[in-house]
Amino acid sequence: MSRYKGRMSPVIFDRTWPFYVPIPTTILRDRFRELEAQAEALGAAPEHRDLVLNDVWHSCFCFATLEAAQAFAAPNGAEIKDARKRINKGTWQLWEEKGQTK
């Protein structure tokens, strides 16, 4: 798979920032600057990840520590996803976790 020059591979990205805080894109559209400033202050990853949860697109702010992810998620009413529990089936946008039943 090719990437932009200098861009981190998805595996390295997930190892560096394993805690994802998904925000629905409908909410993100209205509060982007506010959420971006909060995430930056807490040391979020320099880029976002997009994925689908319950048939709704989300943009994820990614954090290196669980504490930073909790500090961001709590006031925004979001849940935290751990990339280390994610199953990679070749569908990058769908989130499935180990032990999850459909």
**Q.** J(HN,Hα) series, the stretch 71-84, from Karplus relation 6.51 cos²θ - 1.76 cosθ + 1.60, nearest Hz, glycine and proline x
**A.** 5, 7, 6, 4, x, 9, x, 10, 9, 10, 10, 9, 4, 6
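Ranked highest first by the average count of other Cβ atoms within 10 Å around their residues, in what order do 39-46, 52-59 fall? If you can, show how the numbers build up before the last one.
Values: 39-46: 15.5, 52-59: 13.5.
Sorting 39-46, 52-59 by mean packing, highest first, produces 39-46, 52-59.
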Q. HN-Hα J couplings of the stretch 63-68 from phi, Karplus 6.51/-1.76/1.60, θ = phi - 60°, integer Hz, Gly and Pro as x?
A. 10, 7, 10, 5, 4, 5
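Read the figures in this text as sums done on the coordinates, not as results from a lab. Just so we're clear, the structure is a prediction, and the values are computed from it rather than from any experiment. Note: ideal-geometry Cβ built from the backbone for every residue, glycine included; neighbour counts use all protein chains shown.
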